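Asker: Shown below is the structure under consideration.
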Amino acid sequence: MEENNNGLDSPEIEYPSAELMLSVIQKEYEYEAERVRSLEARTGIFLAFAGALLVFLSSSLKLPDLKKTEVDSIVQAFPIVLVIILTFLTLAVLILAVIYFVRVISIQTYKRLAIKGFVEKNTQDKVDTIAKELMIDYQKVVKHNNEVNNKKVEIYKKGLYAIMAAIIMTAIVYSINIFI
């Protein structure tokens, strides 16, 4: 045994910072787990909002009876055609947003720490050695989960852009419908 700075006898530590590094990587693992929970919760809210917007759009839409509508010029037909085109475009964008949001909350392959090393014979190993091995395992898991979460964030952003476009188009359709 060798004497440390405190004057106490202690066994030689092969990996002195392993426990610290393990605690840091465990926090990163917890951060990634919380990140996906938060993302999926927000996605659920926007998915419900997209459904409400779809109901609003379909209930507020009042297209004139096209068989009874007399149009003498292109100028008279323009608002009707614009409402029809924007309505279908808005529906398409809303469906796209829903698809994006469903992809975010769909089941992805997340990794968890394998427990294969938690056996009785390993209880005799040094704490720093076990901490180092766990740290390496956690690092692989966190890296994978981070990549999965980053992909989900990108899809989530696309869904947000689609829902924002749908809101704007719904407002335009609703405004035009007021004057038809």
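The values are calculated or read from the model by the stated rules, or taken from the named source; none is laboratory data. None of these values were measured; they are calculated from a predicted model. Ideal geometry is used to build each Cβ from the backbone, glycine not excepted, and the neighbour counts take in all protein chains shown. Heads up: the accessible areas ignore ligands, DNA and RNA and are worked out on the full protein's heavy atoms, side chains in. Shrake-Rupley method; radii C 1.70, N 1.55, O 1.52, S 1.80 Å.
Asker: Could you run through the stretch 28-46 and say how many residues are in contact with a Phe, Trp or Tyr (Cβ under 9 Å, 6 or more places away or on another chain), within 14 Å of residue 160 (Cβ to Cβ) and not charged (D, E, K, R)?
Answerer: Within the stretch 28-46, residues that are in contact with a Phe, Trp or Tyr (Cβ under 9 Å, 6 or more places away or on another chain), within 14 Å of residue 160 (Cβ to Cβ) and not charged (D, E, K, R) number 4.
Asker: Let me ask you something else. Just need a number here: residues in the stretch 47-62 that are in a helix (DSSP H, G or I), open to solvent by 60 Å² or more (accessible area, probe 1.4 Å) and in contact with a helix residue (DSSP H, G or I) (Cβ under 6 Å, 6 or more places away or on another chain).
Answerer: Residues that pass the stated criteria total 1.
Asker: On to the next question. Quick one: what pairs do we get from the stretch 164-180, first residue farther than 13 Å from residue 61 by Cβ, second open to solvent by less than 40 Å² (accessible area, probe 1.4 Å) and in a helix (DSSP H, G or I), C-beta under 8 Å, 6+ apart or different chains?
Answerer: From the stretch 164-180, the pairs are 165/93; 166/50; 166/53; 166/90; 166/93; 166/94; 166/97; 167/53.
Asker: Condition first: within 28 Å of residue 60 (Cα to Cα) and touching a residue at least 60 places away in the same chain (Cβ under 8 Å). Now tell me which residues in the stretch 131-163 satisfy that.
Answerer: Correct list: 156, 159, 160, 162, 163.
Asker: Would you be able to say whether some residue in the stretch 104-112 is outside any helix (DSSP H, G or I) and either open to solvent by less than 30 Å² (accessible area, probe 1.4 Å) or within 19 Å of residue 45 (Cβ to Cβ) (or both)?
Answerer: yes
Asker: Is at least one residue of the stretch 66-78 part of a helix (DSSP H, G or I), open to solvent by 70 Å² or more (accessible area, probe 1.4 Å), more than 17 Å from residue 171 (Cβ to Cβ) and in contact with a Lys or Arg (Cβ under 9 Å, 6 or more places away or on another chain)?
Answerer: no
Asker: What is the number of the single condition among (1) within 30 Å of residue 146 (Cα to Cα); (2) modelled with pLDDT of 85 or more; (3) open to solvent by less than 60 Å² (accessible area, probe 1.4 Å) that residue 117 does not meet?
Answerer: It fails just one condition, (2).
Asker: Of the residues that make up the stretch 15-32, is at least one at pLDDT below 85, hydroxyl-bearing (Ser, Thr, Tyr) and not in a helix (DSSP H, G or I)?
Answerer: Yes; the residues of the stretch 15-32 include at least one that is at pLDDT below 85, hydroxyl-bearing (Ser, Thr, Tyr) and not in a helix (DSSP H, G or I).
Asker: Also: Go through (1) in contact with a Phe, Trp or Tyr (Cβ under 6 Å, 6 or more places away or on another chain); (2) aliphatic (A, V, I, L, M); (3) open to solvent by 50 Å² or more (accessible area, probe 1.4 Å) one by one and return the number of the condition residue 25 breaks.
Answerer: Just one mismatch for residue 25, condition (3).
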